[in-house]
Every structure is written in C-alpha cells, then in structure tokens.
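Note sheet for the following structure.
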Amino acid sequence: MSKKRIIYGLTITTLIILSMGLFSFFKSTPAAQKTSIDPYKDNATNLIYNLLFCDNLDLYKENTQQPIQYPFDILFSESSTTTDLQKVIDDKNSDPRIKILAYNRQLASGHKSTKKEILAVIVEVGLENGLDVLATFNNGTARYINQTGKILIWETTDETSNKLTNELFLISHDIVNKIGAWDKPRRPYPTKGNVRITFLVSDGLYFGEGPISVLFKDPLASPALLKATELMKYLTEKSLETNKQQSPNR
C-alpha cells in the first residue's frame with residue numbers, strides 16, 4: 001500500500017501512517033520553507049491574504065489609519081497588560097480578528113488562555129492558476145480570494161450562511177481537539193495540488209495539509225473541507241445574485 005502524506009501542525013516526532021483513515025504527521029521540508037508567503041501578483045491582494053492570519057501585528061499597525069482608537073490603541077501599545085488585552089477579548093463587539101491579535105499578544109507574553117476558542121477557519125487550495133482561499137470567522141463574516149486574485153468580502157450574514165458557518169466550526173472543534181498547536185512561524189502557502197486547513201484558536205494556530213486528493217478523503221479533515229466548500233459556493237452564488245440585482249437593467 002502506498003504512503004499518503006498529510007501534514008498536521010504538530011511539533012512532534014514524524015510518523016508515517018498508512019492511508020487507512022489515520023493521519024500522517026510530517027515536519028516541513030527546508031525547500032518548502034523557501035517559498036514566498038505572497039501568493040498573488042497584486043500587492044493589495046497579498047495584503048488582504050496575510051491580514052487574514054492575524055499573525056503580524058506590524059502589518060495591522062502599518063494599515064490602520066490615524067488617530068489610533070480602541071481597540072487598536074490597546075493592541076498596539078507596548079505597555080498593554082494581559083488584563084488590558086483580556087478586556088478586548090471579552091468585548092462582545094470585538095471583531096474575531098481583533099480577538100486573535102489580542103490572544104496572540106497574550107501568548108507572546110507567556111500567557112496561554114485556558115479557553116479553547118476557535119475564531120477563524122481558513123482553507124487554502126493550490127490550483128492550476130493560483131491559490132483559492134476561504135477565510136470564515138466565528139461571527140459569520142468571511143473573505144474569499146479566488147485563484148485569479150478577485151476578492152469577495154462577506155460582512156453581512158443570513159440564515160443559510162450562519163448555518164453553514166456554525167456547522168463548519170462545530171466540525172472544526174473536533175479536529176482541533178485531536179491535533180496540536182503549531183509553535184513555529186506560519187508555513188508558506190500550499191503549492192499546486194495541495195490543500196491546507198488552518199484554525200486560528202485562542203491558544204495558537206492549528207493546521208492540516210496534504211494533497212487535495214488525499215485530504216478531501218481523510219476522515220478527520222474531509223467533513224470540514226466539504227463544509228467549507230459548501231459555504232464558499234453559497235457565498236459566491238449569493239454575491240453574484242446580489243450583483244445582478246444591483247446592476248442597472250439593459
């Protein structure tokens with residue numbers, strides 16, 4: 001039986017498991033680490049892509065308009081304490097990305113949250129013409145970047161999108177509870193033929209990666225990937241429908 005490689009974000013000893021519904025754990029290769037983290041030709045699209053992961057506070061600083069107001073004043077201040085950051089996290093009006101940034105600052109200072117909260121699920125698929133990315137957040141908002149670089153921003157919510165998002169996060173909890181957090185810098189984007197699913201959690205970044213044909217059949221990853229695909233299809237179809245309604249009749 002051939003060996004199928006699936007990478008999960010664990011910094012543990014590498015194990016090779018036969019593809020019978022189990023997982024293969026692989027560390028990243030030196031060659032993979034040399035790949036650029038900017039998958040698109042357009043700098044603005046690359047900015048949006050990298051902001052999704054909330055792992056570079058400086059990127060947010062550079063792209064936040066003055067004057068700096070709440071909650072960015074707390075996030076950007078070097079004097080902010082764990083308690084200050086926790087107030088941002090506990091604020092019901094805080095955007096999930098803001099919460100991730102606050103959690104990450106706490107982690108950087110040595111404080112690990114006892115609450116395991118998934119705030120974002122990001123699926124990246126390496127296709128023939130580029131990278132497809134769906135980022136969905138636990139408040140129902142989403143971002144979709146097509147392999148061409150076109151961007152869909154989903155800020156409104158409806159019954160169907162909320163249902164699909166809730167189902168995706170429920171499935172994701174099961175995955176996160178079975179794998180470990182990645183304690184190294186984010187890996188370069190997946191190359192053609194690979195898919196990666198990333199979970200931004202209160203105690204760190206979790207991910208699984210492997211060939212498209214393998215990961216979409218993996219018992220642990222497949223339900224989340226299929227649900228994310230269902231959500232992506234709904235958001236794009238809904239967006240096209242809305243654009244048609246708003247376009248002037250010809």
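The values are calculated or read from the model by the stated rules, or taken from the named source; none is laboratory data. Keep in mind it's a predicted model, so treat the numbers as computed, not measured. Backbone-built Cβ (ideal geometry, glycine too); neighbour counts: all protein chains shown.
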- line: Residue hits (segment 53-68; farther than 12 Å from Leu101 by Cβ and either of a type in the set (A, V, I, L, M) or buried (at least 16 other Cβ atoms within 10 Å of the Cβ) (or both)) are Ile68
query: Right, Thr236: closer than 23 Å to Lys163 by Cβ, surrounded by fewer than 21 Cβ atoms within 10 Å (Cβ to Cβ) and within 17 Å of the chain's Cα centre (by Cα) or not?
result: no
Of the criteria (1) outside any strand (DSSP E or B); (2) closer than 20 Å to Arg97 by Cα, which one Thr198 fails: (1)
message: For segment 105-128, give me each residue that is more than 14 Å from the chain's Cα centre (by Cα) and touching a residue at least 40 places away in the same chain (Cβ under 8 Å).
response: Arg105, Leu107, Lys112, Ser113, Lys115, Lys116, Gly126, Leu127, Glu128
task: Considering only segment 133-174, state which residues are closer than 18 Å to Tyr49 by Cβ, in contact (Cβ under 8 Å) with a residue 60 or more places away in the chain and under 13 Å from the mean Cα position of the chain (by Cα).
output: Val133, Leu134, Ala135, Thr136, Ala142, Arg143, Tyr144, Ile145
- prompt: Given the structure, is Gly140 touching a Lys or Arg at 6+ places or on another chain (Cβ under 7 Å), closer than 23 Å to Phe169 by Cα, of a type in the set (Gly, Ala, Ser) and modelled with pLDDT of 95 or more?
  reply: no
Strands (runs of 3 or more DSSP E) (entirely within segment 108-181) containing at least 3 residues that are in contact with a Leu (Cβ under 8 Å, 6 or more places away or on another chain): 118-127, 130-137, 142-145
task: For segment 71-94, enumerate the residues that are buried (at least 16 other Cβ atoms within 10 Å of the Cβ) and of a type in the set (Asp, Glu).
output: Asp84
field: Subset of segment 111-160 (residues that are acidic (Asp, Glu) and surrounded by 13 or more Cβ atoms within 10 Å (Cβ to Cβ))
entry: Glu117, Glu124, Asp132
